[in-house]
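**Q** Take a look at the following structure, please.
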Amino acid sequence: MISVGIDVSKGKSTVCILKPGGEVIKPPFDMVHAVENLDFLVSLINSFDEETRVVLEDTGHYHIPVASYLSSHGIFVCCVNALRMKKFCAQSIRRAKTDKIDAVRIASFGITYWSELTRAYDAPDTYGELRFLARQYYQITSILVKAKVNLSNLLDQVMPDISNLLQNQKDNHKLTEFVDRYIHFQTILDMGEKKFTADYCKWAKKKGYRCNERKAAEIFALAQNGIPSLPNSQSVKIAVREAIKLIHSTEESRNTILAQMQEICKTLPEYSVVRDMNCIGDVLAPRIIAEIGDVRRFKNKHSLIAYAGIDAPPYQSGAFNASERKISKRGNSYLRKTGYEIMQSLIQHKPIDDPVYDFIQKKRSEGKCGKEAMIAGLNKFLRVYYGKVMQLYSK
């Protein structure tokens, strides 16, 4: 058997080829991620008469071009969890670290755990595309959150407490559209109460909002008592309007990605099953499917729970046997986040005769705090999800 260890980095990799006993077939050498270099590696691997397996570390996305190219040429490729590889490489007493040393250690991992190596899972294009879009969704959401925080900070300086007065409106855009029109409390005061009330009612009617003179009076009173810390200058107006534009454009981008995720999910057989589960709507359904992927790749429901990182591994030594263990958190953090949102939705809507919600209430009655009960509910949810989707595929 021959182990090909590849230490992957951005744009290039270091390759080392070993046989059992530490015999070096090919000492470490650098390879740029280009077709010519990868073709050379493919030819080199195919030239060996013995079974050859390629081992590399799962580095997020740097390893994908190498792994997919080699797999497409029929070569056995195993992508090892980064934490597991780190612990294996840390066994050495010396702490030296170079790309060449890492390539040797990765190849040694392949020799040591030869019987445990598994081919890199080639997810169907649909699940792969869905997960890619989900990652973009989360990136844009993080930008949107920062943009909203920035606008909130600006409003504290130009229209203090205006958010508290308008935040309960059903349309979330009313606040930003109002601020975009008036910008600063001084603008409202310069208009005078009578003129502002008429202008506000005319604007609200045009935008489709409820025309309310009482609300206009409250806003004018707030402007009279408020103390803005920024002047009503052109620079401030530009900053506020650009902050609002950023929020609207980011929301539009996120909605476009979510719509595409929904269209892809509708082609999957499990979408209707997941959509019928309580408190999972058009937003959460594509996200949970994207993070779980093809459920058939999990050996059982416990594997799915471990993948989410909410399993509590046993700890026993001698006569000691730990009875209370924390969740491992060694899994898909995006799956945990999405699952937690589903639990929050269940608690908010309180569906009748829902096994997951009833399980959360049971844990609460046993004295578990809210977060612990929700994690237990997520554990139950994943087991239900696994059972329903697997039953669908078994038909």
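The values are calculated or read from the model by the stated rules, or taken from the named source; none is laboratory data. Keep in mind that what you see is a predicted model, and the values were worked out from it rather than measured. Every residue, glycine as well, gets a Cβ built from its backbone with ideal geometry; the counts of neighbours run over all protein chains shown. What goes into the accessible areas is simple: the full protein's heavy atoms, side chains included, and nothing from ligands, DNA or RNA. Shrake-Rupley method; radii C 1.70, N 1.55, O 1.52, S 1.80 Å.
**Q** Would you point out which residue out of V66, V55, V42 is open to solvent by less than 80 Å² (accessible area, probe 1.4 Å), in contact (Cβ under 8 Å) with a residue 60 or more places away in the chain, farther than 22 Å from S115 by Cβ and within 35 Å of the chain's Cα centre (by Cα)?
**A** Going through V66, V55, V42 in turn, just one is open to solvent by less than 80 Å² (accessible area, probe 1.4 Å), in contact (Cβ under 8 Å) with a residue 60 or more places away in the chain, farther than 22 Å from S115 by Cβ and within 35 Å of the chain's Cα centre (by Cα): V66.
Okay, residues lined up against (1) within 30 Å of M343 (Cβ to Cβ); (2) aromatic (F, W, Y); (3) touching a residue at least 40 places away in the same chain (Cβ under 8 Å):
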{"position": "N225", "(1), (2), (3)": "no, no, no"}
{"position": "P228", "(1), (2), (3)": "no, no, yes"}
{"position": "I238", "(1), (2), (3)": "no, no, no"}
{"position": "I247", "(1), (2), (3)": "yes, no, yes"}
{"position": "E251", "(1), (2), (3)": "yes, no, yes"}
{"position": "T267", "(1), (2), (3)": "yes, no, yes"}
{"position": "R275", "(1), (2), (3)": "yes, no, no"}
{"position": "I289", "(1), (2), (3)": "yes, no, yes"}
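**Q** Restricting the search to segment 222-258, which residues are more than 17 Å from V158 (Cβ to Cβ) and open to solvent by 40 Å² or more (accessible area, probe 1.4 Å)?
**A** Correct list: H248, S249, E252, S253, R254, N255, T256.
**Q** If you scan segment 14-31, which residues turn out to be out of contact with any strand residue (DSSP E or B) (no Cβ under 8 Å at 6 or more places or on another chain) and in a strand (DSSP E or B)?
**A** Step one: filter segment 14-31 for residues out of contact with any strand residue (DSSP E or B) (no Cβ under 8 Å at 6 or more places or on another chain), giving 20-23.
Passing the criteria: only E23.
**Q** A follow-up question, please. Considering each of Y62, Y69 in turn, give the residue that is among the aromatic types (F, W, Y) and under 11 Å from D7 (Cβ atoms). Outline the logic, then answer.
**A** Numbers: Y69 fails: under 11 Å from D7 (Cβ atoms).
One residue alone meets the criteria, Y62.
**Q** Something else: With Y137, Y127 as the choices, which residue is within 30 Å of R297 (Cα to Cα), assigned to a helix (DSSP H, G or I) and at pLDDT 95 or above? I'd like the intermediate steps shown before the answer.
**A** Working: Y127 fails: at pLDDT 95 or above.
After ruling out the rest, the residue left standing is Y137.
**Q** Could you check, for segment 152-166, whether at least one of its residues is at pLDDT below 95 and within 30 Å of I288 (Cβ to Cβ)?
**A** yes
**Q** Which one is modelled with the lowest pLDDT, of the residues in segment 173-213 that are small (G, A, S) and at negative phi?
**A** Here is the first cut: in segment 173-213, the ones small (G, A, S) are 192, 198, 204, 208.
Going one step further and asking which of them are at negative phi, we end up with 198, 204.
Numbers: A198: 92, A204: 87.
For segment 173-213, the residue satisfying everything is A204.
**Q** Considering only segment 259-282, state which residues are within 20 Å of the chain's Cα centre (by Cα) and open to solvent by less than 60 Å² (accessible area, probe 1.4 Å).
**A** Matches in segment 259-282: A259, M261, Q262, I264, C265, Y271, V274, C279, I280, G281.
**Q** Give segment 184-198 a look and list any residue that's open to solvent by 40 Å² or more (accessible area, probe 1.4 Å) and without any contact (Cβ under 8 Å) to a residue 24 or more places away in the chain, or say none.
**A** Of all residues in segment 184-198, those open to solvent by 40 Å² or more (accessible area, probe 1.4 Å) come to 186, 189-191, 193-195, 198.
D190, M191, K194, K195, A198 - these are the residues of segment 184-198 that are open to solvent by 40 Å² or more (accessible area, probe 1.4 Å) and without any contact (Cβ under 8 Å) to a residue 24 or more places away in the chain.
**Q** Among the residues of segment 120-160, what is the count of those that are aliphatic (A, V, I, L, M), surrounded by 14 or more Cβ atoms within 10 Å (Cβ to Cβ), more than 14 Å from the chain's Cα centre (by Cα) and within 30 Å of A239 (Cα to Cα)? Write out each step before concluding.
**A** First pass over segment 120-160, keeping only residues aliphatic (A, V, I, L, M): 120, 123, 130, 133-134, 140, 143-145, 147, 149, 151, 154-155, 158-159.
So of that shortlist, the ones also surrounded by 14 or more Cβ atoms within 10 Å (Cβ to Cβ) come out as 120, 123, 130, 133-134, 140, 143-144, 147, 151, 154-155, 158-159.
With more than 14 Å from the chain's Cα centre (by Cα) added as a condition, the list becomes 120, 123, 144, 147, 151, 154-155, 158-159.
With within 30 Å of A239 (Cα to Cα) added as a condition, the list becomes 144, 147, 151, 154-155, 158-159.
Final tally of qualifying residues: 7.
**Q** Residues of segment 102-119 being open to solvent by less than 10 Å² (accessible area, probe 1.4 Å) and either free of Cβ contacts under 8 Å to residues at least 40 places away in the same chain or of a type in the set (V, I, T) (or both), which ones?
**A** I106
**Q** Among the residues in segment 167-183, are any open to solvent by 20 Å² or more (accessible area, probe 1.4 Å), among the hydroxyl-bearing types (S, T, Y) and under 22 Å from T250 (Cα atoms)?
**A** So far as segment 167-183 goes, no, none of its residues is open to solvent by 20 Å² or more (accessible area, probe 1.4 Å), among the hydroxyl-bearing types (S, T, Y) and under 22 Å from T250 (Cα atoms).
**Q** Here's another thing I want to ask about it. Could you grab me the full set of residues in segment 337-395 that are closer than 14 Å to C279 by Cα and among the basic types (K, R)?
**A** Listed by number, the list holds a single entry, K350.
**Q** For R84, indicate whether it is buried (at least 17 other Cβ atoms within 10 Å of the Cβ), of a type in the set (K, R) and either touching a Leu at 6+ places or on another chain (Cβ under 9 Å) or within 29 Å of N332 (Cβ to Cβ) (or both).
**A** Judged against the criteria, R84 is not a match.
**Q** Check Y137, Y127 and return the single one that is out of contact with any Asp or Glu (no Cβ under 8 Å at 6 or more places or on another chain) and in contact (Cβ under 8 Å) with a residue 12 or more places away in the chain.
**A** Y137
**Q** Determine, yes or no, whether D7 is surrounded by fewer than 16 Cβ atoms within 10 Å (Cβ to Cβ) and either of a type in the set (D, E, K, R) or out of contact with any Asp or Glu (no Cβ under 9 Å at 6 or more places or on another chain) (or both).
**A** Working: surrounded by fewer than 16 Cβ atoms within 10 Å (Cβ to Cβ): no; either of a type in the set (D, E, K, R) or out of contact with any Asp or Glu (no Cβ under 9 Å at 6 or more places or on another chain) (or both): yes.
It is false that D7 is surrounded by fewer than 16 Cβ atoms within 10 Å (Cβ to Cβ) and either of a type in the set (D, E, K, R) or out of contact with any Asp or Glu (no Cβ under 9 Å at 6 or more places or on another chain) (or both).
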